[in-house]
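A quick write-up on the structure given underneath.
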Amino acid sequence: MRFPSLSSLAALSALASSCLGLVIRETIPPNSGVVTFDKHSLFVRGERVILYAGEYHPFRQAVPDLWLDIFQKMRAMSYTTASFYVDWFLLEGEQGVFRADGVFDIANFIDMAKQLESISLLWRPGPYINGETAGGGMPGWIRRVPGAPRTMQPDNKGFQNASLNYWTNICKILADGKIDNGGPVIMVQIENEYVFTNGYTYQPEYLQKYEDVCRLAGVVVPFSYNDITRPAAAGQFAYGKGVGSVEVYGQDSYPLGFGCGDPSYWPPPGYGLGFPENYATLHAYQGGAIDGWGGYGYDQCAIVVDGSAERLLYLTAVEFVTTVQSIYMTYGGTNWGNLGQPYGYTSYDYGAAIAENRTITREKYGAAADYTSYNQVSYNLTVPTSLGNITFPQTILQLVLNGRDAKLHHVDYSIGNNVSIWYSSPDIFAYSADQSGKSVLVVYGGYAANSEPQELAFINTNLAKPTVVEANNVTFSKVKDHPVMSWTDSPTRRVVNYAKALVYILDRDSAVNYWRIQLSNSTARPYTNPNAPSIIITGGQLIRTAKLSGRSVSIMGDVKPIAFEIIAGMPKNLMAFAKTSTGTITFNVTYTAPTVSLPNLNTLDWKYIDDFPELQLSYDDSKWPKANIIHSPNDEFDQGTPTSLSASDYGLNTDSLIYRGHFNATGNETFFAIDTAGGLAFPTQCFFNGHYIGGNTSYWAGNAYDINRSDNYSIVTPLKPGPAVITMLIDHMGMDEQPHVGNVQFKLIRGISHYQLDGHNQSDITWVLTGNLGGEKYYDKSRGPLNEGGVYAERHGYHLPKAPTSSWASGKPTDGLTQVGNRFYYATFDLDLPEGYDIPLSVVFSNGDNANSYYRVRMFINGWNFGKYVPNVGPQTNFPVPEGILNYRGTNYIALGLWAMNPDGDALGSIDLVAGQPIQWGYKTPALVNGTDYEPRAGVY
């Protein structure tokens, strides 16, 4: 197992007391509250802290029982803090109605962090968040609010006024979760990347209003602001700059870009970081890369920020004296339920350290290969120390640095028991004490294969003669009476015993199997105390927690067939254990491989219904919403139709849209022109009286480039004079974000912007339209406002568990359709997987041998929308579904909406349920997430 980011983050964590100790001598600042600050860093309870945060969005993990799982993994990776967005769209999909319960329960998320005691929260509630979410977190109804989003215009009655219901409720939750109330929240970010264009300028009063509302609600922790990396604008809203200023100014930075297609390419160096006089903070520092429709897949993106990149980026940030550093992303998760922006697909894995399926086996270490060169360089380093300047190494010729690598060297570093390091070329992983009080130090060098030389010297002159108690090949000498050790990196562990210190020497690969875990219930200063008692342990797949109770310590973790060894940190009064010659405690936990038996989804007893009855001549759409809004309230919509056909004007903000236009045909019509917009990779189809009007030209299957279409359809077969109907099906791929205040991106419509029928005025056609049943007054409150779309089966709730399918026809999605159309397939299957294991499951689609298929599949698991498979655009074929959405010990309901666009039809190649590597874990079994079952819907059509 290779634990992602562990080495680099452990080094950063170890840095907290040494790096700042050299450069910062100020006293505690006079500001009030548990969390205070000066121009260098935050203080918590009077103690200076460095925050190493990882970004993690609870709304992208739909199983609340797994939120703590991610927290535990982050803490084991030495993160001190979790940074997280809140998605306003999911909480106020209906204007004026705030819902934060079930899978959207933020207070529950805060409680999960509180349980861990050792991880704090950096809360980023927006109201605009970006984050590759639909609308950037802004609800669809904001499109109908006058003025520019993210401003106070017009006359304080626009966007900001509309956001205050959400903001007031969020601030109440914030106040309850702040550290001053015993919670884990230590900082709150206001807005995000507040950048302007098209003549708009900063509105300090806009930020100040949000700050005032939160302060009035009782939020006393510092406010922060995340600026997009622009040195010329650095310092906007920084502390002391007047109205709208915050306590902690920061920026984001993605130095390596997002080139997943060529992940080994790194752009020329140029961090572009510009900070005012206060300390540097990075609220979103690159931890992976985003992929999109037609992209390369997240396994490629994971390589962009590999271990070499992590060390180079994160340690270089330390060179800027960055005391708040947050990695975006650490766990990406899933864009389930259509919550993502139109440029991204279902997965939001991000190539992050923790993969979408929560596994920690991703290789984030690259071969040790300087930013601009792959060459190895040799060097000596002169540094100031408490004993004067020293040039090291002293006992070997030079140190080496491999290309695309970075190193952190420590000086004047105390490791307890009155023992201090003078200088150290290897990284310091952790230190603690054994039960006798002797200091235990763990250091690691580079990759063993590179055979890098290392040197470490102590300030103490009274350590007595050392002995090598494990392995060999360590050279001892003295410099001005100070003990010095030197060695060459090797995969073999070495242990050196001094009178007051025990030193464990590792290579970089070996270090990933070691864990420093804080003992809970051992400190009255939760969340922030880096010097709290901790154990250092090796072995296991993951060590999650260590809890002290009386004379015993309970350790929870995940097992693999390897012995455990506690090398430091066990309390003195602990019950007696047998110990090794070095004083460590070893034990074994039996690993039992589980039996995993999964059903074949291809051979289930599938049932189906027609999912596009709107093509039938007898179909009655009289109950549908009428397109009768004369002038769109969307002030950025250049309306080209007699009445608005923008879906959001009618409260339809997600997934499939259907339009039906009624007119009287003359029989002389020869063409139909229409402009549609659905977002990136959207498809559209056009029918007259239920039939194609132009053969192969009457559909658009979508691509990775176009967000709107202008189509001209030839009416080859003359229409019969009399009543006629046009039917348009459009896949709404999500609403655009608004990254720059002043552009119109967010208010770009979904739907129809213009049309022209040969021989007719536009007003000859009367339109009705539908999306999800109820629109913003959505029916399924448990799964939120975006989970379902406008096709027949979803309007009726047939995607939910226990749908009434007994009268449906039998047929498999791998048989598909022989003509254009939509079918909705439904089946059940049982799982009986053993408890005590984390078994990652994914649904994997295949297109078979048909390279020219134009279809797409919407997948629902127990009612939850967990995948949109688009083989002609790609790239996603593997869709992870966590336990809690899947019932691992009971009945499951799977539904597939198949939209075939080829005139000759299409079929799914295959669909399989696939298991990843099972992990025997000590985590609790996740409960099945509470979601509504099928029941007949009032007013359905």
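The values are calculated or read from the model by the stated rules, or taken from the named source; none is laboratory data. A quick note: this is a predicted structure, and the numbers were derived from the prediction, not measured. Cβ: placed from backbone, ideal geometry, glycine included. Neighbour counts: every protein chain shown. Keep in mind that these areas ignore ligands, DNA and RNA; they rest on the heavy atoms of the full protein, side chains included. Shrake-Rupley method; radii C 1.70, N 1.55, O 1.52, S 1.80 Å.
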- Using the structure shown, decide if Y619 is touching a helix residue (DSSP H, G or I) at 6+ places or on another chain (Cβ under 8 Å), closer than 30 Å to T770 by Cβ, surrounded by 11 or more Cβ atoms within 10 Å (Cβ to Cβ) and aromatic (F, W, Y). yes
- Every residue from the range 65-102 that is open to solvent by 10 Å² or more (accessible area, probe 1.4 Å), closer than 21 Å to K924 by Cα and among the aliphatic types (A, V, I, L, M): L68
- Query: So is G874 part of a loop (DSSP other than H, G, I, E, B), open to solvent by less than 30 Å² (accessible area, probe 1.4 Å), closer than 24 Å to D655 by Cβ and assigned by the TED database to the domain that holds A803 or not?
  - Reply: yes
- Item | Residue that is nearest to F612 (Cα to Cα) [pool: residues in the range 772-813 that are open to solvent by less than 40 Å² (accessible area, probe 1.4 Å) and not in a loop (DSSP other than H, G, I, E, B)] | A793
- Task: Quick one: K364 ticks every box in (1) modelled with pLDDT under 95; (2) out of contact with any helix residue (DSSP H, G or I) (no Cβ under 7 Å at 6 or more places or on another chain) except a single one, so which number is it?
- Result: (2)
- Just one listed residue, out of T330, T359, is surrounded by fewer than 24 Cβ atoms within 10 Å (Cβ to Cβ) and out of contact with any Ser or Thr (no Cβ under 7 Å at 6 or more places or on another chain), and it is T359
- Message: Tell me the residue from T814, T805 that is in contact with a helix residue (DSSP H, G or I) (Cβ under 7 Å, 6 or more places away or on another chain), over 30 Å from D87 (Cα atoms) and not acidic (D, E), please.
- Response: T814
- Restricted to the range 195-219, and to residues that are at pLDDT 90 or above and among the hydroxyl-bearing types (S, T, Y), which residue is surrounded by the most Cβ atoms within 10 Å (Cβ to Cβ)? Y210
- Condition test on S632, is it hydroxyl-bearing (S, T, Y), in contact with a Gly (Cβ under 8 Å, 6 or more places away or on another chain) and surrounded by 15 or more Cβ atoms within 10 Å (Cβ to Cβ)? no
- Can you tell me which residue in the range 438-472 is modelled with the lowest pLDDT, limited to those that are open to solvent by 10 Å² or more (accessible area, probe 1.4 Å) and of a type in the set (A, V, I, L, M)? A464
- Note on the structure: Going through the range 104-140 in order, the residues found to be of a type in the set (F, W, Y) and buried (at least 23 other Cβ atoms within 10 Å of the Cβ) are F109, W123, Y128
- Going through the range 720-752 in order, the residues found to be in a loop (DSSP other than H, G, I, E, B), in contact with a Pro (Cβ under 8 Å, 6 or more places away or on another chain) and within 30 Å of L898 (Cβ to Cβ) are M733, G734, M735, D736
- Answer yes or no as to whether S386 is among the hydroxyl-bearing types (S, T, Y), at pLDDT 95 or above and surrounded by 17 or more Cβ atoms within 10 Å (Cβ to Cβ). no
- Message: Given the criteria assigned to a strand (DSSP E or B) and either modelled with pLDDT under 95 or outside the structural domain of L313 (by the TED database) (or both), does I428 qualify?
- Response: yes
- Quick one: which residue in T528, T492 is at pLDDT below 90 and under 44 Å from the mean Cα position of the chain (by Cα)? T528
- Query: Of everything in the range 289-327 that's among the charged types (D, E, K, R) and assigned to a loop (DSSP other than H, G, I, E, B), which residue is most open to solvent (accessible area, probe 1.4 Å)?
  - Reply: D306
- R856 vs. criteria modelled with pLDDT of 95 or more, in a helix (DSSP H, G or I) and not assigned by the TED database to the domain that holds Q639: no
- Test G816 against the stated conditions and say whether it is touching a strand residue (DSSP E or B) at 6+ places or on another chain (Cβ under 8 Å) and either surrounded by 19 or more Cβ atoms within 10 Å (Cβ to Cβ) or in a strand (DSSP E or B) (or both). yes
- Message: Condition first: closer than 30 Å to G771 by Cα and outside any loop (DSSP other than H, G, I, E, B). Now tell me which residues in the range 328-343 satisfy that.
- Response: T334, W336, G337, N338, G340
- Task: Sort out which residues of the range 83-105 are more than 21 Å from G135 (Cβ to Cβ) and out of contact with any Lys or Arg (no Cβ under 9 Å at 6 or more places or on another chain), and write them in order of number.
- Result: D105
- Query: How many of the residues making up the range 112-150 are touching a helix residue (DSSP H, G or I) at 6+ places or on another chain (Cβ under 6 Å) and β-branched (V, I, T)?
  - Reply: 3
- Query: Is it the case that A673 is buried (at least 18 other Cβ atoms within 10 Å of the Cβ) and of a type in the set (A, V, I, L, M, F, W, C)?
  - Reply: no
- Query: In this structure, is Y705 among the aromatic types (F, W, Y), under 24 Å from W624 (Cα atoms), open to solvent by 20 Å² or more (accessible area, probe 1.4 Å) and part of a loop (DSSP other than H, G, I, E, B)?
  - Reply: no
- Task: Inspect the range 821-829 for any residue being among the aliphatic types (A, V, I, L, M), open to solvent by less than 20 Å² (accessible area, probe 1.4 Å) and in contact with a Lys or Arg (Cβ under 8 Å, 6 or more places away or on another chain) and give the result as yes or no.
- Result: yes
